[in-house]
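A short write-up of the structure that comes next.
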Amino acid sequence: MSDTPNHWSRKLNDAPPAVIALLIQLLAVAVVATALTILWRAHNVRLSLPTTLVVQAALVLALTRWCNLAWWWLLIQAVFPLAIVATLMLPIPSLAYFGIFAFLFFFYWSTFRTQVPYFPSTKKVWKTVERYLPAERSISFIDIGSGLGGLSLYLGQRRPESQFIGVEIAPLPWVLSHLRTVFTSTQVRFLRRNYHSLDFAEFDVVFAYLSPAAMPDLWEKASREMRPGSMLISYEFPIVGSEPDLIVCPDDVANHGPQLYFWYLK
Ligand SMILES: C[S@@+](CC[C@H](N)C(=O)[O-])C[C@H]1O[C@@H](n2cnc3c(N)ncnc32)[C@H](O)[C@@H]1O
């Protein structure tokens, strides 16, 4: 396949939204910088910093709309240049920038690609999941995207006869969850893996708290690999086009808020 414009527009369509957003910002910086230079050299006109930022934001917003990114990207894109200039004006030592960058880098890792950031489920969710696990036999359970490991550690303590595993792609949450197993005597294991590399056939229960973007691929993998009689659980995010067998609200006192979706594989 040659590098035709069609080829590149398809490549751009497949790119993660965060990459497209960054490319838009860079393109807008290049356009605005060129326009500023021409204005200054040819007409001796200099725009103030606030005006330049408004022009940059306007251009970025137009390009973001043109690329059809979700509405929240408009907000992020408009604030981004202002936030950079504002933080550069603060008396923050460069080492602090490096520290914050390193923390975010290792904590969120490939979120720009997976579109699944870290946010933890609550104890109410863990207790509800526990209620719906097969009770009469030992099971193998996996939390795909285990974050800081709260769910697996909780279930591991409640069901010591069963096997609980968490897989996490981001290094820092994985290290922290692994350290938690060192300080609490538990059989729970945490692996630093992309769940796509696992074979779901090895598990009786697969638990996912991911994001809408991850659900179509997850369903495709689960229905291909999971054994009949095994169970897929998703917290908060349903799967478009696949009716769950059971929907449970973890906060069963007030019947609202995110739900737990259960599929029993046939
Ligand atoms: C919403 S958090 C859920 C954390 C945890 N399961 C809980 O219930 O508290 C999703 C986690 O999945 C991780 N993740 C995203 N994509 C992944 C992948 N392909 N393989 C493994 N982990 C992934 C993210 O780094 C993040 O920590």
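Values in this text are rule-based calculations from the coordinates and carry no lab data. Values in this document were obtained by computation on a predicted structure and should not be read as measured data. Glycine gets a Cβ as well: all are built from the backbone with ideal geometry, and neighbour counts include every protein chain shown.
With contacts taken as Cα pairs under 8 Å at a separation of at least 6 residues, the chain carries a relative contact order of 13 percent.
Pick out the long, greasy-scoring helices in the chain: whole DSSP H runs spanning 27 Å or more along their own axis by Cα, mean Kyte-Doolittle at least 0.0. Helices meeting the span and hydropathy rule in the chain are 17-43, 71-89. Under a Gaussian network description of the chain, with springs only between Cα atoms under 10 Å, the residue in 142, 233, 247 that fluctuates furthest is 247. Among 189-195, 113-119, the peptide with the highest mean count of other Cβ atoms within 10 Å heads the list, and the full ranking is 189-195, 113-119.
Among beta bridges identified by DSSP and lying wholly in the chain, the antiparallel ones come to about 30 percent.
When both the stretch 139-175 and the stretch 211-266 are represented by their alpha-carbon centers, they are found 18 Å apart. Considering only alpha-carbon pairs that sit under 8 angstrom and 6 or more positions apart, the relative contact order computed for the stretch 5-91 is 28 percent. Pick out which of 136, 168, 202 has the largest mean-square fluctuation in a Gaussian network model of the chain, springs linking Cα atoms closer than 10 Å. Of the options given, 136 has the highest mean-square fluctuation. Taking every alpha-carbon pair under 8 Å whose residues sit at least 6 apart, the stretch 123-264 reaches a relative contact order of 21 percent. Here the 3J(HN,Hα) profile of the stretch 187-204, calculated from phi with Karplus coefficients 6.51, -1.76 and 1.60 at θ = phi - 60°, is 8, 5, 10, 10, 10, 8, 8, 8, 5, 4, 8, 8, 9, 5, 5, 7, 10, 7 Hz, Gly and Pro shown as x. List the residues, sorted by chain then number, that are 5 or more residues from residue 163 or on another chain and whose placed amide H is less than 5 Å from its amide H. Correct list: 139, 140, 141.
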